[in-house]
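Data first, discussion second: the structure below is written as structure tokens.
The values are calculated or read from the model by the stated rules, or taken from the named source; none is laboratory data. These numbers were taken from a predicted model, which means no experiment stands behind them. Don't worry about glycine lacking a Cβ; one is built from the backbone with ideal geometry, like all the others, and counts go over all protein chains shown. These accessible areas exclude ligands, DNA and RNA; they are computed on the full protein's heavy atoms, side chains included. Shrake-Rupley method; radii C 1.70, N 1.55, O 1.52, S 1.80 Å.
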Number of protein chains: 2
Amino acid sequence: MFDDPLRTIAIENVEPQIGCGAFPIKREVGDTVVVEADIFKDGHDLLCAVLLYRKVGDTTWSETPMTLFDNDRWRGSFVVSDLGRYQYAIEAWRDEYGSWVQDLVKKHDAGEDVESDLLEGERIVARTRDRATGPVQTDLERWLAGWAALGDQHRRVVAAAEPSTVAMMRSVPDRSRATRSEVVLDVVVDPVWARFGAWYEMFPRSQGTVPGRSATFRDCERRIPEIRDMGFDILYLPPIHPIGITHRKGRNNNPICSPGDPGCPYAIGSPAGGHDAIDPDLGTIEDFDRFVNVCAVHGMRVALDFAVQCSPDHPYVREHPEWFFKRPDGTIKYAENPPKKYQDIYPLDFLCDAYESLWLEMKRVVEFWISHGVRIFRVDNPHTKPLPFWKWLIAEIKRSHPDVIFFAEAFTRPKMMKALAKAGFCQSYTYFTWRNTKPEITEYLTELTQTEMREYYRPNFFTNTPDILPFFLQTGGRPAFRIRAVLAATLSPSYGIYNGFELCENRALPGREEYADSEKYEYKVWDWDRPGHIKDLLRTLNRTRNAHPALQRLDNLVFHRADHDDILVYSKATSDRRDALVVVVNLNPHDTRESLVHVNPWHLGLGDDEPFVVYDVLSGNRWTWRGWTNYVRLDPLVEPAHLLVVERG
Amino acid sequence: MFDDPLRTIAIENVEPQIGCGAFPIKREVGDTVVVEADIFKDGHDLLCAVLLYRKVGDTTWSETPMTLFDNDRWRGSFVVSDLGRYQYAIEAWRDEYGSWVQDLVKKHDAGEDVESDLLEGERIVARTRDRATGPVQTDLERWLAGWAALGDQHRRVVAAAEPSTVAMMRSVPDRSRATRSEVVLDVVVDPVWARFGAWYEMFPRSQGTVPGRSATFRDCERRIPEIRDMGFDILYLPPIHPIGITHRKGRNNNPICSPGDPGCPYAIGSPAGGHDAIDPDLGTIEDFDRFVNVCAVHGMRVALDFAVQCSPDHPYVREHPEWFFKRPDGTIKYAENPPKKYQDIYPLDFLCDAYESLWLEMKRVVEFWISHGVRIFRVDNPHTKPLPFWKWLIAEIKRSHPDVIFFAEAFTRPKMMKALAKAGFCQSYTYFTWRNTKPEITEYLTELTQTEMREYYRPNFFTNTPDILPFFLQTGGRPAFRIRAVLAATLSPSYGIYNGFELCENRALPGREEYADSEKYEYKVWDWDRPGHIKDLLRTLNRTRNAHPALQRLDNLVFHRADHDDILVYSKATSDRRDALVVVVNLNPHDTRESLVHVNPWHLGLGDDEPFVVYDVLSGNRWTWRGWTNYVRLDPLVEPAHLLVVERG
């Protein structure tokens, strides 16, 4: 008849909590999860509360005390030391002894006779002793005997209120009427490199030296030391599978291909195989394994593209026609985004009648590459496949391989981008690529770092991609590339470039964000040392990122004020403020800008008027700054930014 | 194996939604519930969405279409025309035909051959015809035949894209793969007077003319016409039950009472009866019934105090000692808030072993008074009883009596005040009583009207209570009473005064907010026409409230800017802007203030530079205002406020 009458403690507004607990938050191994909640009940009793946590699968909870810090708001925290999935919940109960002591002392202080209250206390302690075991039980037994011997009311009140007594009593709480929070919330714990990493996207077939011929994985191997020397950790490859022949695209996306044109690697599948095969032009699976090992030796990880679509020549077309969309005449449909047509690509129907076998095959493909040393999957266009598929696939994979991460290549409407992250994607592309002005950058980064997105959406700031050469890079010259490199590398702990960026390659198809003569459709040979490259800058940025833990997090970003609209100022510091950096960027690639900048020294662990030395890792200069307001001058042709390490005493 | 693979449509951030659906929102009969949600899926298909709603207990849902208005955000609304509890949910599905037409037109416009697409469309229409019944089926049959006869592709495309065709097709949707929102959300629909009412709290025993003797309900009856003439709708009575004798309090809360002292009515229960009895000094239950009827004849409702506590002489003490807190020696504990003692009051233990019988008895008491015509219960100190008790009691009562409302007298920490409203209280006391300055009033009203509180927390602004004579009223003289009356009556649709306010009674115990010689502890005789009363102002305020629907809502409050810190300006308008008022108050009861006031004319339904006439119902003056900025001068000794009705053309 009564709906849980003993559920007397309100536990509300538990945070972090995404979508009423429908989605997990994300953390990295070694992180602390800070949990807050409103916890209160009727009347004036004191409460105790604990934060419960466990790894999924564990039957018992660990717990850690929560502390009241403000206006019925409590806080506790736990460390996620293992990969995988954790859960947390809250339990609270009336602090019987503490509440009794609180009232006892007030009454005694008011001069009242508290003999009856002391008798109540004795019963509470006796009950607690009966619940206790081991040494605590003995201690409580002794305490009771000693207390009775005190005689005098005043002495008994003082003894009852001793902090050590209260602590001992609280250590054996009566939780039979405890209230547990309604929801159990989840945390997905990923490896640290899900948060922090420098990505280099390379087209394997363009890493050679002979024009008109595909490079191989052996050629790619030869580039590893140079890429690693620039400081990149993750080497991301667009699809490496056999490329279809039917309706193969020619250069610059020409619908007619010429003899010798290699086709677009996103048209996956040929008689040589499908998603679990290697393009014969690049080598064999053994070559791939060797390439992964060479990367590993250099401390780099390989990220593969997971592009779930087929060329008309893919083995699936013959073996599993039931997985594809059909026309009324029974033929398979190619991809369209009317009026655009992609005759070289057949999309898969993830909700076809045979969806179970399709989903399981996708899982098999991912596991195949995992067995070949791949731990990172960059997923192409996930927003055109059903959300339940991703939720299932990622959870399935991470159950056996919690170190595997999936990176969502969705550039679409904001709520779908967020939904993919909530569904399980560990990293996500962002709108950073098109955020150039101070208000644009400030607003977007504030959303990423100050809203609930910080709990589940890990941005990866790519400066460019094979599909996106932003107009800012097309028109801003070398300074534009330097500006975007500094922003990407210091605003976000994960960032990436697509090869050619380091060479300031900026030739586009007219009026479009597409590269001219894109290597998506042809073999290319690059001069990786061509004049004007910015490899030194990238090396410095990546070294600084590695040396400074403050740059390895997102949630510590703080924007500061600058008088000039083109000057962007922000800082990052570790929570202990031992490591702190200030970044000042002239966002205008054409003109020199001078400005006063107003950096709040508190965020750097400094007092209001304290002088401090800043060391600019980009120019090698040192200046003494003082207080809130300092002066900068940035000539984009010389140095478009200061990357300032705060040096102390 | 697969967790709901067809649940492809995301339905997120449904609003309004309180505590992830744990608590209902509140509305009044005739209100519109506007519901918004993020609704989207993968790919580029068009969607359809409906808002589902029903009365609790109905097995079928009504539905109304939702409309996409911005960035994957959809909106729909329904009217709650009956008292009781409603539910709402959302269902969305892929618009198969609309999506097909959209792509068809794009391809046709691009000059492509769409014969295969038209064949697909024919199949969609044929399937729809098969699903349809009655005339729609016939219409679709005819449409198909006619369409085939058109021959020409262009003509078939145009016919397929006809809005009437699209509408017909959408009227027979395939919802077999529809996604339903995870949560079903609740609305409690209360009578309109849960939102809008003017309350008058009167101490029945002080309504007579003979000093030292209790007034009776007959005496109270004689006051009704005068109170009604002031415009009050709800007459609230502190406890009317027999008063205990043991430890009865004397005048001014003296622990020793003198012969003839009537005691405090909150010490409920004597040999004459308990919570279902009438204090013999006031009359009989028949007298009470008659009183309720006389009020009804005058258009007023009676609100009773529900103070769940007992004097030591309450029948429960003898009949149900198991419901009370006990000392170790077995005696019953009186109420304490150490070091304060309330020996005349025994609190009930709502979680005692026999709690079921206690809770049911409380329900019986409430139902007893309902059977005597009471529909409004003002609950004393609900924050000292468990939240689950209130949740249960209010839901139980409202199931059979959906017009009954409970008003929470909690002045405690903000989260508990909110929790009581979420648990079911229909109205709540507020901090208004202590909000005097412009920033205080603006901040508090912004919280009440602009946060999710507006969905579940109905404030009732009492200017004073038997326990609270605010310092502002103690020290501000008659102007202070006039200021607070205007604020209470125009800021909140529900407000109230405790008798004596209209007489500007401001004698307090030194340094405290308690009335001197409070009628809580003695018989009083008032001269209800004593010089300096503000009954005319109250009459004007209540008449204006009744004449102007804009003053009958809370959520339409808009603050405007005034140059002077003591001048508060706000407006209220109906959603069609036909009724609009501007209130200007000098918050300083001592000094005349002049100020420019900057009222945004858009909120009044006026253009930027349009002149308009404002009629001050308090002074009877008319002025022509124009545009954003106008001048006011308010002398608190003459008129501390303007209550301006906007008059048009």
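Yes/no per residue for (1) touching a Pro at 6+ places or on another chain (Cβ under 9 Å); (2) under 25 Å from residue A:186 (Cα atoms):
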| position | (1), (2) |
| --- | --- |
| A:364 | no, no |
| A:368 | no, no |
| A:371 | no, no |
| A:378 | yes, yes |
| A:384 | yes, no |
| A:391 | no, yes |
| A:408 | yes, yes |
| A:412 | no, no |
**Study point:** Test: residue in the range B:377-385 that is within 14 Å of chain A (Cβ to nearest Cβ), touching a strand residue (DSSP E or B) at 6+ places or on another chain (Cβ under 9 Å) and among the polar types (S, T, N, Q)
**Key:** yes
Practice item. Starting from the range A:160-178, keep only residues that are within 14 Å of chain B (Cβ to nearest Cβ), then list their pairs with residues that are of a type in the set (Gly, Ala, Ser) and crowded, with 16+ Cβ neighbours inside 10 Å whose Cβ atoms are within a distance under 8 Å, requiring at least 6 positions of separation or different chains. Key: A:178/A:92
Check your understanding: Regarding residue B:457, is this residue closer than 19 Å to residue A:42 by Cβ and in contact with an Asp or Glu (Cβ under 6 Å, 6 or more places away or on another chain)?
Key -> no
Review point. Picking from A:438, A:385, A:398, which residue would you name as being more than 25 Å from residue A:239 (Cα to Cα) and modelled with pLDDT of 95 or more?
Key: A:438
Study note, to complete from the structure: Per the filter on the range A:401-442, residues farther than 21 Å from residue A:468 by Cα, among the β-branched types (Val, Ile, Thr) and surrounded by fewer than 22 Cβ atoms within 10 Å (Cβ to Cβ) are A:442
Point to revise | Single match in B:118, B:144 (criterion: touching a residue at least 24 places away in the same chain (Cβ under 8 Å) and either within 14 Å of chain A (Cβ to nearest Cβ) or surrounded by 15 or more Cβ atoms within 10 Å (Cβ to Cβ) (or both)) | key: B:118
Study note, to complete from the structure: Those residues of the range A:107-145 which are outside any helix (DSSP H, G or I), hydrophobic (A, V, I, L, M, F, W, C) and over 51 Å from the mean Cα position of the chain (by Cα) amount to A:110, A:114
**Study point:** Criterion (in contact with a Pro (Cβ under 8 Å, 6 or more places away or on another chain) and either at negative phi or of a type in the set (S, T, N, Q) (or both)) met by exactly one of B:250, B:274, B:269
**Key:** B:274
Revision key, fill the gap. Residues in the range A:80-110 that are in contact (Cβ under 8 Å) with a residue 12 or more places away in the chain, open to solvent by 30 Å² or more (accessible area, probe 1.4 Å) and over 30 Å from residue A:187 (Cα atoms) total 5
Check your understanding: Counting residues that are surrounded by fewer than 18 Cβ atoms within 10 Å (Cβ to Cβ), which strands (runs of 3 or more DSSP E) fully inside the range B:280-375 reach at least 1?
Key -> B:335-337, B:340-342
Review point. Which condition number in (1) within 12 Å of another protein chain (Cβ to nearest Cβ); (2) over 30 Å from residue A:359 (Cα atoms) is the one that residue B:24 fails?
Key: (1)
Check your understanding: Looking at the range B:1-21, which of the residues that are facing chain A (nearest Cβ under 7 Å) and not hydrophobic (A, V, I, L, M, F, W, C) is nearest to residue A:386 (Cα to Cα)?
Key -> B:8
Practice item. Hey, can you tell me all the residues within the range A:31-54 that are more than 30 Å from residue A:191 (Cα to Cα) and either of a type in the set (Asp, Glu) or open to solvent by less than 10 Å² (accessible area, probe 1.4 Å) (or both)? Key: A:38, A:39, A:40, A:42, A:45, A:49
Practice item. List every residue pair whose Cβ atoms sit under 6 Å apart, with the two residues 6 or more apart in sequence or on different chains, where the first one lies in the range B:600-622 and is over 20 Å from residue B:641 (Cβ atoms) and the second, anywhere, is part of a strand (DSSP E or B) and open to solvent by 70 Å² or more (accessible area, probe 1.4 Å). Key: B:611/B:624; B:611/B:626
**Study point:** Checklist (1) buried (at least 22 other Cβ atoms within 10 Å of the Cβ); (2) within 14 Å of chain B (Cβ to nearest Cβ) applied to residue A:461, failing item
**Key:** (2)
Check your understanding: Name the residues in the range B:323-364 that are out of contact with any helix residue (DSSP H, G or I) (no Cβ under 9 Å at 6 or more places or on another chain) and either more than 12 Å from chain A (Cβ to nearest Cβ) or touching a residue at least 60 places away in the same chain (Cβ under 8 Å) (or both), would you?
Key -> B:334, B:342, B:343, B:344, B:345, B:364
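Are any residues in the range B:623-638 open to solvent by less than 40 Å² (accessible area, probe 1.4 Å) and either β-branched (Val, Ile, Thr) or free of Cβ contacts under 8 Å to residues at least 40 places away in the same chain (or both), and if so, which ones?
B:625, B:627, B:630, B:632
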Review point. Which of the residues spanning the range A:27-43 are at the interface with chain B (Cβ under 7 Å from one of its Cβ atoms) and either part of a strand (DSSP E or B) or not acidic (Asp, Glu) (or both)?
Key: A:38, A:40, A:43
Exercise for review: Would you be able to tell me the number of residues in the range A:456-482 that are touching a strand residue (DSSP E or B) at 6+ places or on another chain (Cβ under 6 Å) and either farther than 26 Å from residue A:380 by Cβ or polar (S, T, N, Q) (or both)?
Suggested key: 5
**Study point:** From B:219, B:276, residue being assigned to a loop (DSSP other than H, G, I, E, B) and either farther than 28 Å from residue B:426 by Cα or in contact with a His (Cβ under 9 Å, 6 or more places away or on another chain) (or both)
**Key:** B:276
Revision key, fill the gap. Selection over the range A:409-424 where residues are touching a residue at least 24 places away in the same chain (Cβ under 8 Å) and within 13 Å of chain B (Cβ to nearest Cβ) yields a count of 11
Revision key, fill the gap. Of (1) assigned to a loop (DSSP other than H, G, I, E, B); (2) in contact with a helix residue (DSSP H, G or I) (Cβ under 9 Å, 6 or more places away or on another chain), residue A:59 satisfies every one except (2)
Review point. Taking the stated definitions as given, is residue B:77 polar (S, T, N, Q), on the phi < 0 side of the Ramachandran plot and either buried (at least 18 other Cβ atoms within 10 Å of the Cβ) or in contact with an Asp or Glu (Cβ under 7 Å, 6 or more places away or on another chain) (or both)?
Key: no
Revision key, fill the gap. Scanning the range B:425-436 for residues that are within 14 Å of chain A (Cβ to nearest Cβ) and in contact with a strand residue (DSSP E or B) (Cβ under 7 Å, 6 or more places away or on another chain) gives B:425
